[in-house]
Amino acid sequence: MIDATIRQMSFSTDRSLLLLAVDWRVDVRPGQFAMLKVGDWPVVPRPFSICAQDREADTTSFLIRRKGLLWEQLLRLQPGATVQIKGPLGNGFPELPAPLLVGGGCGVAPLLFVAASRPVAGFYAGVASDTERAFLAPLLPAGTVVTVNPQLVTDAFLAGCSAGPVFACGPSPMLRVLANRYRGGPVWVSLEERMACGEGLCKGCPVRRRDGSVALVCSDGPVFPEGEVSWTWQV
C-alpha cells in the first residue's frame, strides 16, 4: 500500500456520506476499486469503488458510507492527512457506448465514473434519504432519475427505461431483480462483497458462476456479465 494525501473531504449534512478526494493519480477504468485504510486500524483495508478522477488536480475520489472502524478513523482526519491505498484493482466495466446505469446506495459510485467517461443513455440512482439525494445531486448527470427509500430504483428503471446495455451496481437483491426482469439488452453487474486483500490471495470474496465454477469478486470481478452469476450466491 502507498500513502496518499487527503485533498478534500465533503460530508452530507447528516454525515452519512463522505466524498473523499486524495492526491493519487493512476490509470483507472470505471468500475475498478481500491483498498483503503488509515494507519494501523482497521488492520484489514476496505474496498471502495473509484467514483471520480480529476486529472488536472491529480486527485482520485471515493464515495464512502458511514459504517465501521474506517469511518471512525476518517472522522478524525483533515485535509493534509494521509491514508493508505492499494490499487487500482479489479476489471472494470466494458468499453460500450451509451449504457444505461442503475445504482443503489454506494453502488452509485462507480457509475458516476462511467458517466464522466462517456455519454450514457440514462442514469437511475436509488438513495436512502432526501439528504443523500441533495448531496449527490451535483455529482449526477442532468436527467438522472433519483428514487428515495422506500421507493425502489429497479421499479423506476423497469418502468421508464429504453432498451440497451445496462451497467448496474448495488445490493444483491437489486441486482437479482435486474437479472430476472430486464430483457432489453445485456447486463453487467458490479458485485459488492467483503474482502481483505483485493488481489485473490485470501479467497474471502467467492461467488459461484452458473457453470458451477467459483470466481473471486476482487480478481475476477467485481464486474461480471449477469448471465455468469449464480444468484443463489452460496459457494
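The table for this structure:
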| quantity | calculated |
| --- | --- |
| Packing-based exposure ordering (other Cβ within 10 Å, fewest first) of ARG183, ARG7 | ARG183, ARG7 |
| Segment 93-235: relative contact order in percent, alpha carbon pairs under 8 Å with at least 6 residues between | 20 percent |
| Listed residues ARG194, ARG66, ARG76, most fluctuating in the chain (Gaussian network, C-alpha, under 10 Å) | ARG76 |
| Estimated [θ] at 222 nm from DSSP helical runs (n ≥ 4, -39500 (n - 2.57)) normalised by residues in the chain, nearest 500 | -5500 deg cm²/dmol |
| Simple label model, 7 Å out from Cα along Cβ direction - ALA137 to ALA121, nm | 2.9 nm |
| Scattering profile of segment 100-228 at q = 0.19, 0.22, 0.23 Å⁻¹ [log10 I(q)/I(0), Debye over alpha-carbon scatterers] | -1.06, -1.30, -1.37 |
| As computed over segment 79-155, the Cα convex hull volume per residue (Å³) | 132 Å³ |
| Selected from ASP23, ASP220, ASP54 as most flexible by GNM, with the chain as the system and alpha-carbon contacts under 10 Å | ASP54 |
| Most positive-pole-ward Cα, ALA34, GLY104, VAL22, against dipole of segment 13-117 from beta carbon charges | GLY104 |
| FRET efficiency, 1/(1 + (r/R0)^6) with R0 25 Å, evaluated for LEU201 and ASP58 via beta carbons | 0.25 |
| Per residue Cα convex hull volume in Å³ - calculated over the chain | 120 Å³ |
| Hits among lysines - C-alpha to C-alpha of LYS203 under 21 Å, sequence gap 8 or more where chains match | LYS37, LYS86 |
| Quarter of Cα convex hull surface for segment 2-89, i.e. mean projection, nm² | 5.3 nm² |
| Taking THR147, THR13 and counting other C-beta atoms within 10 Å, the order from fewest to most | THR13, THR147 |
| Dipole magnitude of the chain about its Cα centre (Cβ charges: Lys, Arg +1; Asp, Glu -1), debye to nearest 20 | 360 debye |
| Dipole of the chain, positive direction: furthest Cα of MET1, PHE167, SER213, with charges on the beta-carbon | SER213 |
| For segment 142-181: rounded, prolate or oblate by the Cα gyration tensor [a/c cutoff 1.5] | oblate |
| Within segment 91-112: backbone nitrogen closer than 19 Å to the ARG210 label point (7 Å, Cα to C-beta) | 94 |
| Separation of alpha-carbon centers, segment 150-210 and segment 100-116, rounded to whole Å | 11 Å |
| Cα-centred dipole magnitude for segment 2-89, charges only on beta-carbon of K, R (+1) and D, E (-1), debye, nearest 20 | 300 debye |
| Residues PHE167, PHE113, sorted so that the one with the fewest Cβ neighbours within 10 Å comes first | PHE113, PHE167 |
| Net length gained if the chain between ARG66 and VAL43 were fully extended (0.36 nm per residue, minus Cα distance) | 6.5 nm |
| Segment 100-228, dipole about Cα centre (Lys/Arg Cβ +1, Asp/Glu Cβ -1), debye to the nearest 20 | 220 debye |
| Relative contact order of segment 2-89, defined on C-alpha pairs under 8 angstrom at six or more residues apart (%) | 40 percent |
| For the chain, built as a Gaussian network whose Cα springs stay under 10 Å, the top-fluctuating residue of GLU132, GLU95, GLU56 | GLU56 |
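Rule-based calculations on the coordinates, nothing more; no lab input. Remember, predicted model here, so these are calculated numbers, not experimental data. Cβ coordinates were reconstructed from backbone atoms using ideal geometry, including for glycine residues, and neighbour counts include every protein chain displayed.
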